[in-house]
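Report on the following structure.
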Amino acid sequence: MRIDKILFFTIVCLLIGAQSVRLNAEEKTLTFGGKDGWPELSKMNGVVKGKGRFGYDCIQLDTNSRTLTDKTDLLIDFESERSVDVAGNYTVVENNIIRSDSSIMGKGAGVARGTGGLRLSGKTGSLFGTPGTPGSFLIEFWLRPSIAENGEIVFSWRSSRTIGNYPLYQMIGASFLNNHLEWKFTNVFNGYAEHGGEISLSSYRTIIPGVWAHHSLSYNAETGLLEYRIDGVLEALMYVTTNGHEQGGSLYSPILGVVADIDICPSFTGGIDDFHIQRTSTSESFNSLRYDPYKKDGGRFETKPILISTGATLQHIDAIISEPPQTAVVMYVRSGDNYFNWTDSYPEWRPVKNHAQLEDVSGLYFQIAVDLYPDGSSENSPSVTQIDVSYTEVPLPLPPFTVRAESGDGQVKLTWSFSVDDTAAGYYVFYGERPGEYLGGEAVQGTSPLNVQNVNSCTITGLKNGKIYYFAVASYSKLDGRIMGPLSKEVYARPLKR
């Protein structure tokens with residue numbers, strides 16, 4: 001008898017223990033990045049994907065490249081492995097320039113080896129892809145020649161136009177002569193006949209090999225001013241007018257003939273960076289042209305709102321990050337039950353520390369944000385390789401073990417066994433006209449699912465005789481009626497008038 005009592009007491013304790021385990025929340029982890037890669041993010045401002053820890057993709061600061069405007073005609077910044085026109089107005093036809101990390105702007109530059117450069121074909125609407133009067137323009141780039149040898153060509157455009165059924169050769173070029181860079185315009189300015197129709201602007205200073213310098217050639221269509229600057233300092237200028245002055249003469253307007261490709265560094269040895277053409281003669285000041293590899297105000301990325309489950313609570317965030325000296329990675333989180341009314345500032349973002357235990361962060365949805373900041377010299381970027389979000393969620397209550405359906409006249413009576421799970425507070429009844437699809441809406445009691453409270457039977461009326469219906473029952477939690485467990489085994493019945 002004593003043994004029976006001990007056995008009974010042991011069984012009761014085990015059952016109580018089992019129920020207490022089910023009442024405790026279960027901890028789970030959601031991972032972003034790492035071996036599975038990064039999902040689509042809702043915001044990426046000033047950040048890009050790169051190579052992080054263990055060879056996985058990471059999120060890091062984007063290089064501080066030139067901003068595109070509606071005046072940008074061509075921009076090759078050499079930031080990516082392939083040389084492309086960031087503005088999308090030119091197509092690369094041939095490329096013999098290799099990328100180098102030894103740059104003056106951003107993180108990448110081009111290196112020409114004297115064996116051919118970069119050839120581009122302009123699309124319709126671009127400066128060199130459209131015949132006729134181009135208006136004002138600016139051609140600028142950074143250059144670091146290796147030897148600055150006579151005859152080395154940095155830029156070349158060769159074409160022709162017809163005047164009175166006579167083809168007239170045209171050329172715009174920049175090449176080295178006696179350690180100076182010289183720009184030449186041949187038969188480009190309509191009506192200009194002096195020096196055989198050729199205009200030449202040469203640098204005043206001597207070009208020093210191995211040193212980066214910024215070169216800009218601009219033309220103002222309103223005044224006729226053609227000027228050449230190095231590092232923002234005026235080297236040469238000319239008013240392309242009938243009297244050679246800004247006022248009192250008529251303009252010799254430039255006219256571009258047959259569409260032809262442009263060549264960048266076709267016979268040049270050295271570095272080139274940030275090659276830029278814009279449809280205006282106004283250039284930024286030289287000081288503003290020098291920018292840091294990374295923006296001082298950093299960048300930010302945000303995940304999409306993450307659907308987890310009702311009653312879930314965030315526990316901690318564990319991120320694999322790289323923080324070079326003086327850089328910083330700051331993480332934020334917010335949560336709520338309905339993300340459709342969220343804005344950039346609502347709900348409020350809460351800063352969180354890596355690996356730290358969190359308090360009072362719960363809801364149906366979570367969202368993670370990360371700010372990245374460079375060091376003081378803006379030369380080094382932090383990175384985030386992986387983010388693990390650990391959270392607990394309420395265990396789902398078990399469904400009824402058995403469900404039975406009995407048909408009647410325009411109705412079906414369902415009965416089921418109570419769930420053996422003490423966390424169950426009531427039941428949802430699902431019904432529909434196809435197996436596994438519970439989209440019913442004919443019942444007098446309402447559309448599927450029906451909240452029948454904490455009972456083990458119900459009669460669904462208003463159904464059509466002769467039509468077959470399918471049913472399933474699910475339990476919902478004591479903690480929150482929105483926390484629903486799995487469905488029971490499906491049953492079916494066909495209402496009939498007997």
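The values are calculated or read from the model by the stated rules, or taken from the named source; none is laboratory data. Computed from a predicted model, the values in this text were never measured in an experiment. In this analysis, Cβ positions are derived from the backbone assuming ideal geometry, glycine residues included, and neighbour counts consider all displayed protein chains. With ligands, DNA and RNA removed, areas are computed over all heavy atoms of the protein, side chains included. Shrake-Rupley method; radii C 1.70, N 1.55, O 1.52, S 1.80 Å.
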(message) If I go through segment 155-173 residue by residue, how many of them are among the β-branched types (Val, Ile, Thr) and modelled with pLDDT under 95?
(response) 2
(request) Filter segment 318-364 for residues that are closer than 23 Å to Asp480 by Cβ, among the hydroxyl-bearing types (Ser, Thr, Tyr) and assigned to a strand (DSSP E or B) and give the result. (result) Ser335, Ser362
(request) Assess whether Tyr476 counts as being of a type in the set (Phe, Trp, Tyr) and at pLDDT 95 or above. (result) no
(request) Identify the single condition in (1) free of Cβ contacts under 8 Å to residues at least 60 places away in the same chain; (2) in contact with a strand residue (DSSP E or B) (Cβ under 9 Å, 6 or more places away or on another chain) that Val420 does not satisfy, given that it satisfies every other one. (result) (2)
(request) Would you check which residues across segment 386-411 are part of a strand (DSSP E or B) and touching a Phe, Trp or Tyr at 6+ places or on another chain (Cβ under 6 Å) and list them? (result) Ile387, Val403, Ala405
(message) I'd like the full set of residues that are more than 26 Å from Pro266 (Cβ to Cβ), among the small types (Gly, Ala, Ser) and part of a loop (DSSP other than H, G, I, E, B), limited to segment 52-96.
(response) Gly52
(request) Being of a type outside the set (S, T, N, Q), open to solvent by less than 30 Å² (accessible area, probe 1.4 Å) and touching a Gly at 6+ places or on another chain (Cβ under 7 Å) is the filter here, so list the residues in segment 144-156 that pass it. (result) Pro145, Phe155
(message) Going residue by residue through segment 407-414, is there one that turns out to be within 27 Å of the chain's Cα centre (by Cα) and of a type in the set (D, E, K, R)?
(response) no
(request) Taking the options Thr385, Thr423, name whichever one is open to solvent by less than 20 Å² (accessible area, probe 1.4 Å) and out of contact with any Cys (no Cβ under 6 Å at 6 or more places or on another chain). (result) Thr423
(request) From (1) of a type outside the set (S, T, N, Q); (2) surrounded by 22 or more Cβ atoms within 10 Å (Cβ to Cβ); (3) under 16 Å from Leu487 (Cα atoms), pick out the condition that doesn't hold for Pro395. (result) (2)
(request) Identify, by number, the condition in (1) open to solvent by 10 Å² or more (accessible area, probe 1.4 Å); (2) closer than 29 Å to Asp85 by Cβ; (3) hydrophobic (A, V, I, L, M, F, W, C) that Leu251 doesn't meet. (result) (2)
(request) Look through Thr63, Thr72, Thr91 and report the one residue that is open to solvent by 30 Å² or more (accessible area, probe 1.4 Å), closer than 28 Å to Phe137 by Cα and of a type in the set (Val, Ile, Thr). (result) Thr91
(request) Being assigned to a loop (DSSP other than H, G, I, E, B) and under 16 Å from Ala424 (Cβ atoms) is the filter here, so list the residues in segment 447-498 that pass it. (result) Pro449, Asn454, Val455, Asn456, Lys478, Leu479, Asp480, Gly481, Arg482, Ile483, Ser488
(request) Please specify each residue of segment 327-382 satisfying the condition of being surrounded by fewer than 20 Cβ atoms within 10 Å (Cβ to Cβ), small (Gly, Ala, Ser), within 19 Å of Ala312 (Cα to Cα) and in contact with a Gly (Cβ under 9 Å, 6 or more places away or on another chain). (result) Gly336, Ser362
(request) Could you figure out which of (1) modelled with pLDDT under 70; (2) out of contact with any Pro (no Cβ under 9 Å at 6 or more places or on another chain) isn't true of Lys43? (result) (1)
(request) Check off (1) of a type in the set (Val, Ile, Thr); (2) farther than 30 Å from Glu393 by Cα; (3) open to solvent by 30 Å² or more (accessible area, probe 1.4 Å); (4) at pLDDT 90 or above for Thr29 and give me the number that stays unchecked. (result) (2)
(message) Could you check segment 427-458 and list, in sequence order, the residues that are touching a residue at least 40 places away in the same chain (Cβ under 8 Å) and over 45 Å from the mean Cα position of the chain (by Cα)?
(response) Asn456, Ser457, Cys458
(message) Quick test for you: out of Ser100, Ser83, pick the one residue that is free of Cβ contacts under 8 Å to residues at least 40 places away in the same chain, among the hydroxyl-bearing types (Ser, Thr, Tyr) and open to solvent by less than 40 Å² (accessible area, probe 1.4 Å).
(response) Ser83
(message) I'd like the residue in segment 103-130 that is among the β-branched types (Val, Ile, Thr), surrounded by fewer than 16 Cβ atoms within 10 Å (Cβ to Cβ) and touching a residue at least 12 places away in the same chain (Cβ under 8 Å) and, out of all such residues, is nearest to Pro254 (Cα to Cα).
(response) Thr130
(request) Could you list, in sequence order, all residues of segment 224-257 that are within 23 Å of Ser203 (Cα to Cα), among the β-branched types (Val, Ile, Thr) and within 42 Å of the chain's Cα centre (by Cα)? (result) Ile230, Val233
(message) Just to be sure I understand, how many residues within segment 199-248 are closer than 27 Å to Leu177 by Cα, of a type in the set (S, T, N, Q), open to solvent by 30 Å² or more (accessible area, probe 1.4 Å) and part of a loop (DSSP other than H, G, I, E, B)?
(response) 2
(request) Enumerate the strands (runs of 3 or more DSSP E) found wholly within segment 117-190, keeping only those where 3 or more residues are among the β-branched types (Val, Ile, Thr). (result) 153-163
(request) Output the residues belonging to segment 157-172 that are open to solvent by less than 70 Å² (accessible area, probe 1.4 Å) and over 45 Å from the mean Cα position of the chain (by Cα). (result) Leu168
(request) Please find, within segment 400-420, the residue that is least open to solvent (accessible area, probe 1.4 Å) out of those that are over 29 Å from Asn465 (Cβ atoms) and in contact with a Leu (Cβ under 7 Å, 6 or more places away or on another chain). (result) Ser419
